[in-house]
1. Taking all protein chains in place and a 1.4 Å probe, what share, in percent, of the accessible surface of the chain do carbon and sulfur account for?
2. Roughly how much of ASP148 is accessible, in Å² to the nearest 10, using a 1.4 Å probe?
3. Classify the chain as rounded, prolate or oblate, taking a ≥ b ≥ c as the square roots of the eigenvalues of its Cα gyration tensor: rounded when a/c is under 1.5, otherwise prolate if a/b is larger than b/c and oblate if not.
4. Trypsin sites (Lys or Arg not before Pro) within the stretch 1-57: which are DSSP loop residues with at most 16 other Cβ atoms inside 10 Å?
5. Angle check, please: helix 274-286 long axis (alpha carbons) against the longest principal axis of the chain (alpha carbons), in degrees 0 to 90, nearest 10.
6. Compute the acute angle (0 to 90°) between the alpha-carbon long axis of helix 245-263 and the principal axis of greatest extent of the alpha-carbon atoms of the chain; round to the nearest 10°.
7. Separation of the stretch 148-196 and the stretch 1-43 by C-alpha centroid, Å?
8. Counting other Cβ atoms within 10 Å, which chymotrypsin sites (Phe, Trp or Tyr not before Pro) in the stretch 180-288 have at most 14 and lie in a DSSP loop?
Amino acid sequence: MASTDGWTTPAHKALRVRHGFDLAAFDRGSTPGFDGDKTTGRRLMAKRGVVLSELQERLFAGGRTGGTRSMLLVLQGMDTAGKGGIVRHVVGQVDPQGVAMRSFGVPTEEELAHHYLWRIRAALPRPGYLGVFDRSHYEDVLVVRVEDLVPRAVWEPRYDEINAFEAEIVAAGTPVVKVALVVSLEEQTKRLKERIERPDKHWKYNPDDIDARAKWPRYQEAYQAVLDRTSTDVAPWYVVPADRKWYARSAVTELLVHALEGIAPQWPAADFDPAVELRRLAASRAGS
């Protein structure tokens, strides 16, 4: 089911991280693979959202009837990059019954008492579910690295550990769609200013966001290392420019459709004889 209007190159090809990808040179206001405007992007997203919804419902139905497949969407990005908007506008297009959403903030005391992947394993989606991680295990090679929360000797081996962990997940039947939403410093300034000025957005604002901006170069370096070292054949990264919210949302919709089409979920076969049940239904009406 390839999309047409606007997407000249499929999102999973246009946005996939390849060898030599340079985050510093990446245009965060661009629309890779897409030659349409905002109106076209929104219209196409709505159209593809219908496809996404059916594929996800098939996946969920399969899980309810003995199927073993699931899918995981990992969202990473600096503050204001639009992770919440992706959850609301993209994931919001599907049946919430089949979505397992989890946000990963500062670890609790219980979580800190375990291996850093312990809380991640506990949140993996069950069969039939679309799991969504708002931040993820990558916090342990991003925030931990930039904020010097543990020595380099501790976080350095985690790249290989994460690769092995994700390969295990995929082999067990859960494709992982990893999306790095990248916003420009200028656009982040506008969005933070809006959060400070508008009462209806105060709840989104965290004064720590300003402190993180002071470490912008270090965070960009940490993200580059993540993309260089953990974009694998089994679990590649997709870098989505986030300055244009409509584009980012349309792009992630496409990535999810592509991943679900790879699973090719089917409606479960009936465990009853429809002809017999129709006769029984007719008889129940006649006898009422």
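1. 53 percent
2. 100 Å²
3. In terms of gyration-tensor shape, prolate.
4. Sites meeting the loop and neighbour criteria: ARG18.
5. So the helix axis and the longest Cα principal axis differ by about 60 degrees.
6. Long axis of 245-263 versus the principal axis of the chain: about 50 degrees.
7. Centre-to-centre (Cα) distance: 20 Å.
8. Counting only loop positions with at most 14 other Cβ atoms within 10 Å, the chymotrypsin sites (Phe, Trp or Tyr not before Pro) in the stretch 180-288 are PHE272.
The values are calculated or read from the model by the stated rules, or taken from the named source; none is laboratory data. All values derive from a computational prediction rather than experimental measurement. All Cβ positions, even for glycine, are placed from backbone atoms using ideal geometry, and neighbour counts span all protein chains on display. Accessible surface is based on the protein model in full, side chains and every heavy atom, while ligands, DNA and RNA are left aside. Shrake-Rupley method; radii C 1.70, N 1.55, O 1.52, S 1.80 Å.
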